[in-house]
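Take a look at the structure below.
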Amino acid sequence: MSDILFTSTATAKNGRDGHVKSDDGIIDVDLVNPAGGKSDKKGSNPEQLFAAGYSACYDGALNHVASEKGKKISSETTADVHFMKDTSDGGFKIGATLHIKIEGVSQDEAQELAEAAHDFCPYSKATRGNIEVTLKPEAV
């Protein structure tokens with residue numbers, strides 16, 4: 001294993017209809033299963049939590065890559081994490097679409113930065129070859 005810089009810890013109880021809490025208590029949310037559609041209980045779900053993490057990580061990678069290339073940008077990344085049927089085994093899978101708004105560059109530069117960030121981002125590395133990720137960069 002590589003050198004560990006830090007570890008984040010969270011514990012889930014009772015799966016998609018339960019609760020998840022980080023060890024420091026900052027994340028402390030009930031979970032609901034939106035695919036089940038029968039609960040009027042309010043809460044988050046694993047895909048929403050993954051979307052939050054992926055968008056933050058990717059946007060950080062984008063800003064790092066832009067800085068390394070001498071580009072001054074302002075950016076906003078929205079991650080849509082999709083919960084889908086997996087036709088290969090009848091189960092389920094996830095996919096992601098990253099909507100990337102980049103201010104301060106042309107559309108071609110936005111595309112180049114988006115792809116470079118996708119190569120650099122730890123979440124993108126973790127998902128590469130495992131889930132379908134679509135990049136949608138937009139120069140604004």
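Filtered by the rule that a residue be farther than 18 Å from Gln107 by Cβ and surrounded by fewer than 16 Cβ atoms within 10 Å (Cβ to Cβ), segment 58-77 gives His64, Ser67, Glu68, Gly70.
The criterion of being in contact with a helix residue (DSSP H, G or I) (Cβ under 8 Å, 6 or more places away or on another chain) and not in a strand (DSSP E or B) does not hold for Ser67.
The single condition from (1) within 19 Å of Pro46 (Cα to Cα); (2) out of contact with any Gly (no Cβ under 8 Å at 6 or more places or on another chain); (3) among the hydrophobic types (A, V, I, L, M, F, W, C) that Phe120 fails is (1). Only residues that are part of a loop (DSSP other than H, G, I, E, B) and under 15 Å from the mean Cα position of the chain (by Cα) were counted across segment 32-49, and they come to 1.
Of all residues in segment 121-140, those satisfying the criterion of being within 14 Å of the chain's Cα centre (by Cα), within 17 Å of Glu76 (Cα to Cα) and not in a strand (DSSP E or B) are Cys121, Tyr123, Ser124.
Checking each residue in segment 87-116 for being in contact with a His (Cβ under 8 Å, 6 or more places away or on another chain) and either surrounded by fewer than 17 Cβ atoms within 10 Å (Cβ to Cβ) or in a helix (DSSP H, G or I) (or both) picks out Gly95, Thr97.
You will find that of Ala12, Ala79, Ala52, the residue that is part of a helix (DSSP H, G or I) and modelled with pLDDT of 95 or more is Ala52 and no other. Among the residues examined, Lys136 does not qualify as at pLDDT 95 or above, touching a Gly at 6+ places or on another chain (Cβ under 8 Å) and of a type in the set (D, E, K, R).
The values are calculated or read from the model by the stated rules, or taken from the named source; none is laboratory data. This one's a predicted model, so the numbers in the text were calculated from it and none came from an experiment. Glycine also receives a Cβ, built like all others from the backbone with ideal geometry; neighbour counts cover every protein chain displayed.
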